[in-house]
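The values are calculated or read from the model by the stated rules, or taken from the named source; none is laboratory data. Only a predicted model underlies this, so the values are computations on that prediction, with no experimental measurement involved. A quick note on method: Cβ atoms are made from the backbone with ideal geometry, for glycine too, and the neighbour counts reach across all protein chains shown.
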């Protein structure tokens, strides 16, 4: 899509520049090529920066060329100040294009109003066509939804393995490789979410980025849990209840689950710990301490999801949760 836009827009810009009898008409096409970015917001931002930089370049080159003449040395002096100003005001993306436009003054050895107008119209046509073409960008919603489904399946799988590992005190269920796929899918989801957000003007579309960042936080918690499980050598009586709770989290894992009922279940397990008889051996004490820390980690894991759900507006829940595959089972 981007390649097609570049090819079509570049040709159209040159045709329009020729239609208006502008000198150096191919420059309009090059401006279009440089204007088309990966997202709509990037394109609009860079067009604004280049227009601002054009005004700076025109004023600066006019003063320098009038004092020093239209020579390569003058152009070098112009670049010295122009590049410094652009870097100072974070207009680096506008340097190359405006430097090229300024060379037209150097070639013509004058800065008449008609020539300045010619360069301005080249910029308007090139940047205008590039911006208009990039106002339409294909939606990333399907890719985001597919990534959501995949990473949630990754998390369910890890949780199920953790549950089995706690029941069996095995070191083979969860391995570092289990997290590789999840991390990759989260990074892909963040990339798609940023692109989608920057192709729209609605603040609501920050939802997907917030969702991916929430899953990234949970991913870090799961990695901490993995480190603790490695120290579990004994299966105390509470292990089975905790393993069943973790398995319940896995089965309940869903974009639209606000985690409220799971947190209530977690509190019940904490009460169970408090009412249990004291351990009778050092091994039992250490294993129960590990289980308690795991339960605290899972409480934090669920709080992350609860905080995410509470941060949403009712409009966002209606718009995004009802559109998800699990939208029929929203927890209230």
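For the structure I just gave you, tell me whether residue 247 is in a helix (DSSP H, G or I) and at pLDDT below 75. Don't jump to the end; show me each part of the working.
Details: in a helix (DSSP H, G or I): yes; at pLDDT below 75: no.
Here the answer is no, as residue 247 does not meet what is asked.
Each row is one residue, and each column tells you yes or no for (1) at pLDDT 85 or above; (2) farther than 19 Å from residue 157 by Cα; (3) in the same structural domain as residue 287 (by TED's automatic domain parsing); (4) out of contact with any helix residue (DSSP H, G or I) (no Cβ under 7 Å at 6 or more places or on another chain).
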| residue | (1), (2), (3), (4) |
| --- | --- |
| 224 | yes, no, yes, no |
| 251 | yes, no, yes, yes |
| 255 | yes, no, yes, no |
| 263 | yes, yes, yes, no |
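Any residue at all in region 80-95 that is touching a helix residue (DSSP H, G or I) at 6+ places or on another chain (Cβ under 8 Å), under 18 Å from residue 128 (Cβ atoms) and outside the structural domain of residue 205 (by TED's automatic domain parsing)?
yes
Would you say residue 210 is in the same structural domain as residue 167 (by TED's automatic domain parsing), touching a residue at least 12 places away in the same chain (Cβ under 8 Å) and surrounded by fewer than 16 Cβ atoms within 10 Å (Cβ to Cβ)? Break it down into steps so the answer makes sense when it comes.
Values: in the same structural domain as residue 167 (by TED's automatic domain parsing): yes; touching a residue at least 12 places away in the same chain (Cβ under 8 Å): yes; surrounded by fewer than 16 Cβ atoms within 10 Å (Cβ to Cβ): yes.
So residue 210 passes the test.
Counting only residues that are surrounded by fewer than 20 Cβ atoms within 10 Å (Cβ to Cβ) and in contact with a helix residue (DSSP H, G or I) (Cβ under 8 Å, 6 or more places away or on another chain), which one in region 141-151 is farthest from residue 29 (Cα to Cα)? Give the steps one after another, and end with the answer.
First, the residues of region 141-151 that are surrounded by fewer than 20 Cβ atoms within 10 Å (Cβ to Cβ): 141-143, 145-146, 149-150.
From what's left, in contact with a helix residue (DSSP H, G or I) (Cβ under 8 Å, 6 or more places away or on another chain): 141, 143, 150.
Numbers: 141: 32, 143: 32, 150: 42 Å.
Here the answer is 150.
What number goes with the only condition from (1) surrounded by 14 or more Cβ atoms within 10 Å (Cβ to Cβ); (2) under 13 Å from residue 60 (Cβ atoms) that residue 80 does not pass?
(1)
Scanning for something farther than 30 Å from residue 41 by Cα, free of Cβ contacts under 8 Å to residues at least 40 places away in the same chain and surrounded by 14 or more Cβ atoms within 10 Å (Cβ to Cβ), does region 60-69 turn up at least one residue?
Checked against the condition, which is being farther than 30 Å from residue 41 by Cα, free of Cβ contacts under 8 Å to residues at least 40 places away in the same chain and surrounded by 14 or more Cβ atoms within 10 Å (Cβ to Cβ), region 60-69 yields at least one hit.
I'd like to check something: does region 290-297 contain any residue that is within 29 Å of residue 144 (Cβ to Cβ), at pLDDT 85 or above and assigned to a helix (DSSP H, G or I)? Full working, then the answer.
First, the residues of region 290-297 that are within 29 Å of residue 144 (Cβ to Cβ): 297.
Subset that is at pLDDT 85 or above: 297.
Going one step further and asking which of them are assigned to a helix (DSSP H, G or I), we end up with 297.
Yes, region 290-297 contains a residue that is within 29 Å of residue 144 (Cβ to Cβ), at pLDDT 85 or above and assigned to a helix (DSSP H, G or I).
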